[in-house]
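> Please read through the structure below; I'll follow up with questions.
The values are calculated or read from the model by the stated rules, or taken from the named source; none is laboratory data. This is a predicted model, so every value here is computed, not measured. All Cβ positions, even for glycine, are placed from backbone atoms using ideal geometry, and neighbour counts span all protein chains on display.
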């Protein structure tokens, strides 16, 4: 059986092409036989298919790698090195395991996850420090560590080349590589160097990055950063850095496609316009250069914060405040320059449009702002935007610009200003990063654009792909060199590896009469055009195999690059290659009053890679003066312009820079990072196979795999190979003391073709597919051995199962018999219990029936006796009520007869008395008519008048006495008012007593808190003493007596604390008791005072009432007495305590008023003394329980001192 038949056996996994997923996994339904014309397969989707084959089997589908090799961190370790195997391995690592880094030989493949990954912290840097590549998982830090270690060990120059398409993560990868070098190459004395190196990234991103449809932070220039190191005591320290840029995309300043933005710095400046009111900026949508793409914002990015970070980084890197202000003014001037409106111009005296000229109004606001910001002459700027100068040998001609020409001149000036400003900033960064000390060695980090192909490809894509061709050639040569060195080190024979050489494609671009040469020649032609250049290309370059002319038209051409064939549109090639700008407009800027504008515009176009620092000098030129106007054109008309023969095209400059870069890379040891963009939607961990396979082909990963597969890609250490495949050889061919010979026996037994393997000094080398073949043989042997083991194991399992079953059956029978016996006994018990239960149930039923009947009879008897008793009671009650009715009726009849008789008698008496009165009236009427009777009456009246006069005199004397008494009563009223005041003071004193009670309660609570704190301190002291004792127990035996004494002292201290605490609690309880007793005494004294006041008031009221009754008091006096009673209403609510005996014994009705006043004064003085005594007692108690500073001190100290 051949090796192909063994590998393509039934059930083998293979790869077949798929129109959408590129490759699809399938399984062989039938084994392959040599000479078969087809294969029956089953795809992953379950469909059955037949794949046609050639008779010689040369087009067999690629095999899948064994499961043990799937997900390997190095693609070159795969047994089958082909496109589907590489693609599947990357997909498993990226999608299933979410690992973004994978090795491919010397290449690090980095797939952009579009998500934040915790992979770049300081702890990760420390983890990779000191570890070789392969010891840990693939990482950009592992590659950087490999370069740094080689730098320390060999003191040679190294480089890291980061490439990939836009949005693949090149800039981020380069940034993290430089961060690693700054971290491991830093020193405590030169932390400023690392800070500057890291601070350069925000500046370059702000001025050189922009949002595109593929990437929100796309680098629109190439960058080669050289990190300079010096050797100090065998350790490499970061000394400085230099930066070299390539092919800035100047066209983005004036034009952006839909969904794209201009450079970040413009939007950052607009967001911070409030800080710079002198720039007269507005919202970004108001500027022509910023609103073309219609996507002014970036998700989750704040332009204002980014601007602050950019300014801070510029400050760190040595930009002065004036420089930053001038740079901001130049940027704002570019924005206002784009808003200068070029309008139509009409012939004088008519409304006909002049198509050969245009107009810019002198009062254009943006023209004025631009001239003010750049400090140039506004009129000169306007003039040279509207006119252009054509020079001849002795004179020049001014020609007006059309609208399109004026706009083109304006845009060219804006691009030129920004390009010069970018060059100036890079120069300042290089001066700041490189301190000028002696350079020892460097590590270069190249962040270069990857291979690009769009629907419309122009000059930028041509230069980018040309650079990638050169880098791919350098990569191929380096990979071939490494393979050769590996084989020589292992001492094996090898043959020349055939790999793709893209030198013919490079010759097409840069050789004589190549693309660049013809482009420069056409640019030098006075009437050169894109169409004529395309014609020359088709005529001259058809001989190159990598050039193709279009089928239709002549405005494009094709170049077969190493990754794909690209169609280039010739429109705009000449203009972009010339990169021309009006010399008059540049002269206007050179004559600016701003020093920075002058300095920027005078910068030379130099190769920064060969010169570390940019130098500025005046360009060589000549003074051009018109012969016809010599007198008018004096110093104001002179200008310095570059000589035409010294000006190089953009393509020539780029070619020279690229050649310098390639020579630099050849002089270093390169390391490669290939960044892959998994999808265009920027979705996290989304895998688009067609897009990724295109990038793998373009970045050279698959070419690396092909070169590795052409040699001996699979390599095994002897020990690892022996441990894996020792079962493939007989025991007699195994010698554990000679691993190399044992491995040789295994390989020679199973692989007959000696060209399929090589034995090195430390490793065994296999060609592609041989490890998979050994894996298949190993799997077949394992199946055979497993079958034998399975038969023995199955016999053992079934025998054990039989014995276990027999044992279980015997147990079941035993349990069943016991169960049946127990069930029969249980039935007998239940029958006997049933009889007993029925006996007791019948007895219970009979008893219940008897008791129910007895209860019913007793109830009937009770009801009957009650009914008879009620009937007897009702009869007696009716008899009693009848007697009462009879009694009341007889009484009513008797009273009625008595009243009638009494009324008759009264009528008779009235008639008799009326008769007698009439008779007496007649007699008295007759007597009144006599004189003696009248005189007798007059005598009686005189006597009454005299007695009444005497009575009046007595009343007058009494009235004078009463007036004197009234004056004394007013004095008494005033004293009563003072008494009321004292009563108010007494109430206030009572309220103060209540407040003091609350204060005492608060003090009690504070005392409790202090007691708790004291207990806590005592516990802490106890714990501290216990810890101290435990520590002392570890001392030597000589301190045993001292430790025992200390323990006794601690016990005495605790006892003293307990006794002191008990004594303090007892004293506190006694003080509280004394305080309560004093408080009760105060309440009783207050009640006695209130009762005495009430008694005095009652006695005073009685005294005044007795005196007034003697003199017939009026109603007004009585009302005043009532008003005084109202003032003492609160005293009525107090307890009624008897008056003192001395007061009761007095007779206030007959006492003197003066004596009463004196007694009232004595009582008032006595009350004042009692109040003063109560206040003094309360103050003493409050001061006694007032917390002092000593009460807060820990109580645990005194016992210790006492001890």
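> Given (1) within 25 Å of residue 702 (Cα to Cα); (2) more than 54 Å from the chain's Cα centre (by Cα); (3) assigned to a helix (DSSP H, G or I), where does residue 535 come up short, assuming only one miss?
The number of the failed condition is (1).
> Looking only at segment 739-755, count how many residues are in contact with a strand residue (DSSP E or B) (Cβ under 7 Å, 6 or more places away or on another chain) and part of a helix (DSSP H, G or I).
Qualifying residue count, segment 739-755: 3.
> Among the residues of segment 106-115, is any on the phi > 0 side of the Ramachandran plot and crowded, with 19+ Cβ neighbours inside 10 Å?
No, because not a single residue in segment 106-115 is on the phi > 0 side of the Ramachandran plot and crowded, with 19+ Cβ neighbours inside 10 Å.
Conditions tested, residue by residue: (1) surrounded by 11 or more Cβ atoms within 10 Å (Cβ to Cβ); (2) modelled with pLDDT of 75 or more; (3) in contact with a helix residue (DSSP H, G or I) (Cβ under 8 Å, 6 or more places away or on another chain); (4) assigned to a helix (DSSP H, G or I).
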site: 1021; (1), (2), (3), (4): yes, yes, no, yes
site: 1026; (1), (2), (3), (4): yes, yes, no, yes
site: 1030; (1), (2), (3), (4): no, yes, no, yes
site: 1038; (1), (2), (3), (4): no, no, no, yes
site: 1043; (1), (2), (3), (4): yes, no, yes, yes
site: 1047; (1), (2), (3), (4): yes, no, yes, yes
site: 1054; (1), (2), (3), (4): yes, yes, yes, yes
site: 1057; (1), (2), (3), (4): yes, no, yes, yes
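> Further question: Against the definition (at pLDDT 85 or above, out of contact with any strand residue (DSSP E or B) (no Cβ under 9 Å at 6 or more places or on another chain) and buried (at least 23 other Cβ atoms within 10 Å of the Cβ)), how does residue 181 come out, yes or no?
Taking the combined requirement at face value, the residue does not satisfy it.
> While we're here: May I ask you to list the residues in segment 640-684 that are at pLDDT 90 or above and surrounded by fewer than 19 Cβ atoms within 10 Å (Cβ to Cβ)?
none
> Condition first: in contact with a helix residue (DSSP H, G or I) (Cβ under 6 Å, 6 or more places away or on another chain) and under 19 Å from residue 514 (Cβ atoms). Now tell me which residues in segment 546-565 satisfy that.
Passing the criteria: 546, 547, 549, 554, 557, 561, 562.
> While we're here: If a residue has to be under 30 Å from the mean Cα position of the chain (by Cα) and assigned to a helix (DSSP H, G or I) to count, how many in segment 251-300 make the cut?
Residues in segment 251-300 being under 30 Å from the mean Cα position of the chain (by Cα) and assigned to a helix (DSSP H, G or I): 12 in total.
> Residue 735 fails exactly one of the following numbered conditions: (1) over 52 Å from the mean Cα position of the chain (by Cα); (2) without any contact (Cβ under 8 Å) to a residue 60 or more places away in the chain; (3) in a helix (DSSP H, G or I). What is the number of that condition?
(3)
> For segment 28-39, give me each residue that is within 56 Å of the chain's Cα centre (by Cα) and surrounded by 15 or more Cβ atoms within 10 Å (Cβ to Cβ).
28, the sole residue that qualifies.
> Of all residues in segment 209-250, how many are without any contact (Cβ under 8 Å) to a residue 12 or more places away in the chain and in contact with a strand residue (DSSP E or B) (Cβ under 9 Å, 6 or more places away or on another chain)?
Residues flagged as without any contact (Cβ under 8 Å) to a residue 12 or more places away in the chain and in contact with a strand residue (DSSP E or B) (Cβ under 9 Å, 6 or more places away or on another chain) within segment 209-250 amount to 0.
> Among (1) closer than 30 Å to residue 600 by Cα; (2) in contact with a helix residue (DSSP H, G or I) (Cβ under 9 Å, 6 or more places away or on another chain); (3) surrounded by fewer than 21 Cβ atoms within 10 Å (Cβ to Cβ); (4) modelled with pLDDT under 85, which single condition is residue 439 missing?
(2)
> Would you mind finding the one in 707, 764 that is at pLDDT below 85, crowded, with 20+ Cβ neighbours inside 10 Å and not in a loop (DSSP other than H, G, I, E, B)?
707
> Which ones in segment 944-972 are exposed (fewer than 12 other Cβ atoms within 10 Å of the Cβ) and closer than 30 Å to residue 1173 by Cα?
971
> For the condition modelled with pLDDT under 90 and more than 30 Å from residue 82 (Cα to Cα), what is the one hit in 784, 807?
Selected residue: 784, the only one of 784, 807 that is modelled with pLDDT under 90 and more than 30 Å from residue 82 (Cα to Cα).
> Also, I was wondering about something else. Out of all the residues in segment 187-194, is one or more closer than 28 Å to residue 264 by Cα and in contact with a strand residue (DSSP E or B) (Cβ under 7 Å, 6 or more places away or on another chain)?
Looking through segment 187-194, at least one residue is closer than 28 Å to residue 264 by Cα and in contact with a strand residue (DSSP E or B) (Cβ under 7 Å, 6 or more places away or on another chain).
> From the list 816, 772, 821, pick out the single residue that is touching a strand residue (DSSP E or B) at 6+ places or on another chain (Cβ under 8 Å) and either assigned by TED's automatic domain parsing to the domain that holds residue 756 or in a helix (DSSP H, G or I) (or both).
It is 772.
> Would you say residue 424 is surrounded by fewer than 22 Cβ atoms within 10 Å (Cβ to Cβ), touching a helix residue (DSSP H, G or I) at 6+ places or on another chain (Cβ under 6 Å), within 20 Å of residue 266 (Cβ to Cβ) and in contact (Cβ under 8 Å) with a residue 24 or more places away in the chain?
For residue 424, the condition - surrounded by fewer than 22 Cβ atoms within 10 Å (Cβ to Cβ), touching a helix residue (DSSP H, G or I) at 6+ places or on another chain (Cβ under 6 Å), within 20 Å of residue 266 (Cβ to Cβ) and in contact (Cβ under 8 Å) with a residue 24 or more places away in the chain - is met.
> If I go through segment 448-490 residue by residue, how many of them are touching a residue at least 24 places away in the same chain (Cβ under 8 Å) and either touching a helix residue (DSSP H, G or I) at 6+ places or on another chain (Cβ under 6 Å) or farther than 23 Å from residue 669 by Cβ (or both)?
Qualifying residue count for the region: 20.
> Continuing with the same structure: For segment 212-236, which residues satisfy the criterion of being buried (at least 19 other Cβ atoms within 10 Å of the Cβ) and assigned to a strand (DSSP E or B)?
218, 219, 222, 223, 224, 225, 226, 227, 228, 229, 236
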